[in-house]
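Report on one structure; see the data block that follows.
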Amino acid sequence: MRTRTLRGRVTASETKRLIVDDGMFNHGMKVKEFHVWAIGQSSSDDPNCILGLDSDMNGEWDASDNRQIGWAAQSTSSGSRIMQFSLIDPDHVVIQDLYIYNRSDVEPANYMVILEPVMLTGDEAILQLIKERSQDAER
């Protein structure tokens with residue numbers, strides 16, 4: 001299976017849908033890399049983004065929330081860019097939708113997400129769907 005790349009921009013305080021559910025629960029995607037960086041040379045508010053499985057992630061970085069599967073930030077100083085942080089939960093598979101939320105309230109952010117397709121058994125797909133809901137049927 002081929003690696004897939006999603007890239008683009010997400011505006012300040014925006015949640016953007018990156019992948020739309022194809023209805024095939026045995027087809028999944030595993031995030032291998034997640035990167036964010038500033039638009040211009042200098043930034044008044046550095047990129048700070050969450051990658052997740054739900055559109056309702058507009059809060060803090062929260063490792064206890066199973067819907068959040070990746071976190072990335074970049075710091076900018078004196079016109080140079082330094083990648084500050086990028087972390088992906090290795091124990092996840094995206095079956096339904098994938099979202100990115102830009103926590104910055106001032107600046108847009110560039111992003112790149114590298115994905116690897118995976119095939120799941122019926123039991124594996126059910127377990128991943130439960131994790132995507134953070135074990136809460138109301139979400």
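The values are calculated or read from the model by the stated rules, or taken from the named source; none is laboratory data. Bear in mind that the values here come from a model prediction, so they are computed numbers and not experimental data. Quick reminder, even Gly has a Cβ in these numbers, built from the backbone with ideal geometry, and neighbours come from all protein chains shown. For accessibility, only protein heavy atoms count, side chains too; no ligands or nucleic acids. Shrake-Rupley method; radii C 1.70, N 1.55, O 1.52, S 1.80 Å.
Taking the criterion of being buried (at least 16 other Cβ atoms within 10 Å of the Cβ) and in a loop (DSSP other than H, G, I, E, B), the only residue of segment 23-40 that qualifies is Phe25. On the stretch given as segment 86-134, residues that are open to solvent by 50 Å² or more (accessible area, probe 1.4 Å) and modelled with pLDDT of 90 or more total 7. Considering (1) more than 12 Å from the chain's Cα centre (by Cα); (2) open to solvent by 30 Å² or more (accessible area, probe 1.4 Å); (3) at pLDDT 90 or above, the lone condition that Trp61 does not fulfil carries the number (1). Taken together, the criteria place Gln68 among residues that are crowded, with 20+ Cβ neighbours inside 10 Å and at pLDDT 90 or above. Scanning segment 1-22 for residues that are at pLDDT 90 or above, open to solvent by less than 80 Å² (accessible area, probe 1.4 Å) and part of a loop (DSSP other than H, G, I, E, B) gives Thr11, Ala12, Ser13, Glu14.
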